[in-house]
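One structure is given here, and the rest of the page talks about it.
The values are calculated or read from the model by the stated rules, or taken from the named source; none is laboratory data. Treat the numbers as computed from the prediction; the structure is a model and nothing was measured. A quick note on method: Cβ atoms are made from the backbone with ideal geometry, for glycine too, and the neighbour counts reach across all protein chains shown. Each accessible area value is taken on the protein alone, full model and side chains, heavy atoms only, with ligands, DNA and RNA left out. Shrake-Rupley method; radii C 1.70, N 1.55, O 1.52, S 1.80 Å.
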Amino acid sequence: MTAEQIKEAAKRLGADIVGIGSIDRWEGAPAQMDPRYIMPKAKSVIAMGFRVFRGSLRGIEEGTFFSNYSSMGYGGITYMYMPQTCINLCKLIEDEGYEAIPIGHQSDWRAIDNIGNLKENFSRPVEPGKPYPDIMVHLRIAGFLCGLGEIGWSKMLLTPEFGPRVRIGIILTEMELEPDPIMEPGTLCNRCMACVRECPGGCIPKDKSVKVNLAGYDVEWADVDLIGCDDTFKGAEKAKEGEKGDYIAKRPGEFKPAFFSPFYKKPHNLYNTGQAICGAKGCTRACMISLESRGVLKNKFKSPFRTKKLWSMDWSPEGIANDQPAPYTPPYAGRDNSDKKADDAD
């Protein structure tokens with residue numbers, strides 16, 4: 001199969017965008033993130049992008065429907081849709097006589113945490129010279145090295161089609177395929193700093209960055225506060241002394257609901273990790289709005305995404321006391337239980 005045939009098959013199976021990188025582009029990668037330790041004879045990496053629907057962000061923007069982004073825009077893609085595409089494309093490659101490994105998302109067994117530190121007393125190398133199991137291939141960097149897009153200031157992968165609205169799955173294979181060119185850094189991200197201004201947790205600094213060299217390209221992104229990002233992601237805000245802090249049940253006393261969460265307590269996860277109460281306000285929504293306003297994205301819409309001032313929650317005792325009743329009448333108000341039971345039976 002040629003590179004073009006692989007791309008056509010990937011899109012037929014569900015990918016929106018596809019890029020290919022030669023394995024030598026990972027030269028210099030940290031051992032704990034180097035795919036060559038997973039497949040020593042790998043020749044190519046196939047990166048596939050799966051769009052996050054702009055509509056899945058709509059309910060959070062309006063403040064009325066939060067679960068859809070976490071379920072359909074996050075967990076559903078990551079844990080259901082993407083793996084099927086990766087698995088089925090690997091079948092085609094295996095039928096050609098080449099090994100292929102589908103990596104639809106990072107393994108929860110990875111040896112390093114979200115910051116990059118080794119987990120204490122988690123795993124041991126099986127022999128000298130090998131990294132700890134499991135290796136984590138950095139998916140956004142893989143997207144960059146396979147030509148899908150560039151790493152923006154927010155550390156998000158920005159693609160010409162969807163900007164930051166994309167999730168990445170990859171395949172490692174022994175099949176040698178023609179690689180795609182790498183996107184020149186600065187093609188999409190113009191350092192407008194919309195992500196910095198709108199991150200509700202202030203987790204994206206304006207003047208502190210990480211600089212790396214990837215396949216000969218100097219790449220720079222903000223030194224994101226990843227611990228703060230994880231808390232913000234869930235809609236949490238640090239509780240001050242004397243404030244009630246039971247927003248996250250597993251960390252009692254620490255957090256209260258933030259101004260961008262309408263929930264008294266964090267809702268349960270959807271599809272394992274989906275709990276994006278903040279709705280990626282800075283790193284995705286603000287960035288997307290900026291890119292769309294510049295007219296640089298291929299996925300275009302008839303109407304602008306943001307048309308009014310964003311809502312904000314007042315969690316002070318006074319704010320809660322001033323709540324007005326929502327325009328809602330219970331469906332069984334004024335009816336006896338026999339009517340309800342009859343409806344339920346239907």
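Show the residue pairs that are 6+ apart or on different chains and have beta-carbon atoms under 7 Å apart, the first residue being within segment 14-29 and charged (D, E, K, R), the second being in a strand (DSSP E or B).
ASP16/GLY49; ASP16/PHE50; ASP16/ARG51
Against the condition open to solvent by less than 40 Å² (accessible area, probe 1.4 Å) and in a loop (DSSP other than H, G, I, E, B), how does PHE259 come out, does it pass? Don't jump to the end; show me each part of the working.
Values: open to solvent by less than 40 Å² (accessible area, probe 1.4 Å): no; in a loop (DSSP other than H, G, I, E, B): yes.
Here the answer is no, as PHE259 does not meet what is asked.
Any chance you could count how many residues in segment 56-69 are open to solvent by less than 50 Å² (accessible area, probe 1.4 Å) and at negative phi? Even if it seems obvious, please write down each step before you answer.
Narrowing segment 56-69 to residues open to solvent by less than 50 Å² (accessible area, probe 1.4 Å): 56-57, 59-61, 63, 66, 68-69.
Next, from what is left, pick out any that are at negative phi: 56-57, 59-61, 66, 68-69.
So the count comes out to 8.
Considering each of LYS234, LYS281 in turn, give the residue that is touching a Pro at 6+ places or on another chain (Cβ under 6 Å) and charged (D, E, K, R).
Details: LYS234 fails: touching a Pro at 6+ places or on another chain (Cβ under 6 Å).
Criteria check complete, one pass: LYS281.
Could you check segment 212-230 and list, in sequence order, the residues that are in a strand (DSSP E or B) and exposed (fewer than 15 other Cβ atoms within 10 Å of the Cβ)? Give the steps one after another, and end with the answer.
Step one: of segment 212-230, the residues in a strand (DSSP E or B) are 212-214, 217-222.
Within segment 212-230, VAL212, ASN213, ASP218 qualify.
In segment 28-40, how many residues are of a type outside the set (A, V, I, L, M, F, W, C) and in contact with a helix residue (DSSP H, G or I) (Cβ under 9 Å, 6 or more places away or on another chain)? Give the derivation first.
Looking only at segment 28-40, we keep the residues that are of a type outside the set (A, V, I, L, M, F, W, C), and these are 28, 30, 32, 34-37, 40.
With in contact with a helix residue (DSSP H, G or I) (Cβ under 9 Å, 6 or more places away or on another chain) added as a condition, the list becomes 34-37.
Final tally of qualifying residues: 4.
So which residues in segment 88-105 are among the polar types (S, T, N, Q) and either under 15 Å from VAL45 (Cβ atoms) or touching a Cys at 6+ places or on another chain (Cβ under 7 Å) (or both)? Steps first, answer last, please.
Looking only at segment 88-105, we keep the residues that are among the polar types (S, T, N, Q), and these are 88.
Result: no residue meets the conditions.
Tell me, which residue of segment 110-129 that is surrounded by 12 or more Cβ atoms within 10 Å (Cβ to Cβ), of a type outside the set (Asp, Glu) and part of a loop (DSSP other than H, G, I, E, B) is modelled with the lowest pLDDT?
Step by step, filter segment 110-129, then rank; the result is ASN114.
Determine whether segment 71-88 contains at least one residue that is assigned to a loop (DSSP other than H, G, I, E, B) and touching a residue at least 12 places away in the same chain (Cβ under 8 Å).
No, that holds for no residue.
Only residues that are of a type in the set (A, V, I, L, M), in a loop (DSSP other than H, G, I, E, B) and either out of contact with any strand residue (DSSP E or B) (no Cβ under 8 Å at 6 or more places or on another chain) or open to solvent by 30 Å² or more (accessible area, probe 1.4 Å) (or both): list them for segment 11-55, please. Show your work before the answer.
Our first condition is that a residue be of a type in the set (A, V, I, L, M); within segment 11-55, this holds for 13, 15, 17-18, 20, 23, 29, 31, 33, 38-39, 42, 45-48, 52.
Subset that is in a loop (DSSP other than H, G, I, E, B): 13, 15, 29, 38-39, 42, 52.
Result: LEU13, ALA29, ILE38.
Could you grab the pairs with beta carbons closer than 7 Å, sequence gap of 6+ or different chains, first residue in segment 213-234 and farther than 16 Å from ASN114 by Cβ, second one of a type in the set (S, T, N, Q) and open to solvent by 20 Å² or more (accessible area, probe 1.4 Å)?
GLU220/SER209
Results for (1) in contact with a Leu (Cβ under 7 Å, 6 or more places away or on another chain); (2) closer than 20 Å to GLU237 by Cα; (3) open to solvent by less than 60 Å² (accessible area, probe 1.4 Å); (4) of a type in the set (Asp, Glu), shown as yes or no for each residue.
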residue	(1), (2), (3), (4)
GLY282	no, yes, yes, no
GLY295	no, no, yes, no
PHE301	no, no, no, no
PHE305	no, no, yes, no
SER312	no, yes, no, no
ASN322	no, no, no, no
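Quick one: would you say CYS192 is at pLDDT 95 or above and in a helix (DSSP H, G or I)?
On the way: at pLDDT 95 or above: yes; in a helix (DSSP H, G or I): no.
Answer is no for this residue.
Are any residues in segment 231-254 at positive phi and either under 19 Å from the mean Cα position of the chain (by Cα) or open to solvent by 80 Å² or more (accessible area, probe 1.4 Å) (or both), and if so, which ones? Break it down stepwise before answering.
The initial filter retains those residues of segment 231-254 that are at positive phi, namely 235, 242, 253.
GLY235, GLY242, listed by residue number.
Among the residues of segment 70-100, write down those that are in contact with a helix residue (DSSP H, G or I) (Cβ under 7 Å, 6 or more places away or on another chain), open to solvent by 50 Å² or more (accessible area, probe 1.4 Å) and within 16 Å of ASP16 (Cα to Cα).
MET72
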